[in-house]
Amino acid sequence: MDVYSTLTRSKEDFVTINKNRVNLFVCGPTVYDDAHIGHGRTYISFDTIKRYLEYSGYAVFYIQNITDIDDKIINRSKESGIPAHELARKFEKRYIEDMNKLNVNGVNLFARATDHVDEILDQIQRLIDKGFAYETEDGVYFEIEKFPEFGKLSNRNIEELESHRDLADTTKKNPQDFALWKKRVDVDEPTWPSPWGDGRPGWHIEDTAITEYYFGPQYDAHGGGLDLIFPHHEAEITQMEAVSGKAPMVKFWLHTGFLNVNGEKMSKSLNNFITIRELLKDYAPATFRFFVLSTHYRSPIDFSKDSLHQSEKSLDRIRKYYELLDVEVGEEFHSDYEILDKWSKEFFDSMDDDFNTPKAIAAIFGLINDSKSDLDNLSDDDKIAIKAFLDDAAHIFGVSFELQDVNAGSDDLLDLISEVRSELRSNKQYDLSDKIRDSLQSLGYEIND
RNA sequence: GGCAAGUUUACCGAGUGGCUAGGUGUGUGGCUGCAGACCAUAAUACGGGGGUUCAAGUCCCUCACUUGCCUCCA
């Protein structure tokens, strides 16, 4: 299996630290508002990656942090009058609900920043002891001059960055030094005691404190959105490798591309901000998942009604084919159906190639196109084999290929109506039968004569 | 300005130097009372310009354009 790492800007053989174990960390959300479809894109991608790793025989431990204390939460708390702690819990709960609806359920542990303050304090102390960090009157900072490798993930160097920063009103030695601890005294916001006075953690330190605690100083893969490469992930590498003296902290850095809306960046000012909750009022979760997976996870993806519609139709086509496989998948079956072998190999080869889901989807259609015409001539075992393959693919993608029977329960009534319509048609009373058809269609029913 | 990713047929979107990606949409034919669904079938491509090669969408150079990051951001 080949996986692309941002650190080397190339695909590399996926070699893990400990045999078939994979320790995976993905940056979670800051819980000050509802999750949007960009979050959805990123977390669906990593959910699928985890699913595929597990399918391939890896035991994956997937941790996601929850940033439940930071400026945005505090600001929102002051605006709304809801205590910061309460606000964070509320949106954390809504976030997890949203993810469950999208069938994103692979995270083994959600780790809150505020539940790991002890580990954070401990890591800061060790950074000070080793001479990488210093205290000023308003906080504790990492001194990047002490870590010459700063910039290796994002291809930047300290000199060039300095010229773009303003040193005014900061107590830092160097403008690029970043906060490990922010001292906060006499303010109406949550603080924690520390050896340097009351305050709260800087943004970057929570992730390395959490990963060191659960994984140790080195682990297999770290993911997040493209926008986190600098400065967030750069700072993580700096902190962790400085404190442990071991490198690399992470071998595989995985970054998801952005989701745009109608070609524009999603932002509140453009009024094109779509939350997952809003999305799911109009579209099925599987449609959105399939839409996300029809683009490679590192590429930008453009969200539009039209694209969602295309995904819906594509998924429908797979489902209609799946329905033609009128067999039950049992324990044992034997098949050497060549067309299936060819396309399933293509499917898994594609997934092995940096999780190339669009190509894997194409392999499913390849199978459909090549096998559809001789489906009637296939043995039950061959059909079972096809169905088992599609079940695996569906599981990896986190969708279902079962036809969605949204009208279950009203079957008798529908049967009656369509019977009446058939009778009208056989009597050539098309005015009335077409009226029934139109009405049923406007109610969302499909007519397949 | 620095760094990064892109520019493929109407749209989305794969492409490891030589063999039809795939989907959606469209055309044509079939089935239909008609439309849809369904079945069959067809067409359109590689941003511009150089170069390497027997052969380039695929490698190299160059130009143009797009997007993102460089402050918080999935």
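The values are calculated or read from the model by the stated rules, or taken from the named source; none is laboratory data. Given the structure is predicted, the values throughout are model-derived calculations rather than measurements. FYI the Cβ positions are ideal-geometry reconstructions off the backbone, even for glycines, and counts take in every protein chain you see. All accessible areas refer to the heavy atoms of the entire protein, side chains included, with ligands and DNA or RNA removed. Shrake-Rupley method; radii C 1.70, N 1.55, O 1.52, S 1.80 Å.
Of all the numbered requirements in (1) under 28 Å from A:His36 (Cα atoms); (2) at pLDDT 95 or above; (3) not in a strand (DSSP E or B), A:Arg298 misses one, and that requirement is (2).
How many residues does the range A:262-291 contain that are of a type in the set (Lys, Arg) and assigned to a strand (DSSP E or B)? First the steps, then the outcome.
Of the range A:262-291, the ones of a type in the set (Lys, Arg) are A:265, A:268, A:277, A:281, A:289.
If we keep only those that are assigned to a strand (DSSP E or B) as well, we get A:265.
Looking only at that region, the number is 1.
Residues that are more than 9 Å from RNA strand B (Cβ to nearest atom) and open to solvent by less than 20 Å² (accessible area, probe 1.4 Å) within the range A:332-353 comprise A:Leu340, A:Phe347, A:Met351, listed in sequence order. Within the range A:354-381, residues that are open to solvent by 60 Å² or more (accessible area, probe 1.4 Å) have Cβ atoms under 7 Å from residues that are near RNA strand B (Cβ under 9 Å from one of its atoms) in these pairs: A:Lys359/A:Ser350; A:Lys372/A:Tyr321, counting only partners at least 6 apart in sequence or on another chain.
In the range A:278-305, of all residues being charged (D, E, K, R) and more than 6 Å from RNA strand B (Cβ to nearest atom), the one that is least open to solvent (accessible area, probe 1.4 Å) corresponds to A:Arg289. A:Ile237: surrounded by 22 or more Cβ atoms within 10 Å (Cβ to Cβ) and not assigned by TED's automatic domain parsing to the domain that holds A:Ala133, yes or no? Answer is no for this residue.
Could you please let me know if A:Lys372 is farther than 18 Å from A:Phe290 by Cβ and more than 9 Å from RNA strand B (Cβ to nearest atom)? Write out each step before concluding.
Working: farther than 18 Å from A:Phe290 by Cβ: yes; more than 9 Å from RNA strand B (Cβ to nearest atom): no.
Criteria not met by A:Lys372.
Looking only at residues of the range A:306-318 that are open to solvent by less than 50 Å² (accessible area, probe 1.4 Å) and under 21 Å from the mean Cα position of the chain (by Cα), we find that the one that is nearest to RNA strand B (Cβ to nearest atom) is A:Ser307. Test A:Trp203 against the criterion of being within 16 Å of RNA strand B (Cβ to nearest atom) and assigned to a loop (DSSP other than H, G, I, E, B), and give yes or no. Spelling it out, A:Trp203 is indeed within 16 Å of RNA strand B (Cβ to nearest atom) and assigned to a loop (DSSP other than H, G, I, E, B). Of the set (1) within 22 Å of the chain's Cα centre (by Cα); (2) part of a helix (DSSP H, G or I); (3) within 8 Å of RNA strand B (Cβ to nearest atom); (4) surrounded by 18 or more Cβ atoms within 10 Å (Cβ to Cβ), all apply to A:Tyr321 but (1).
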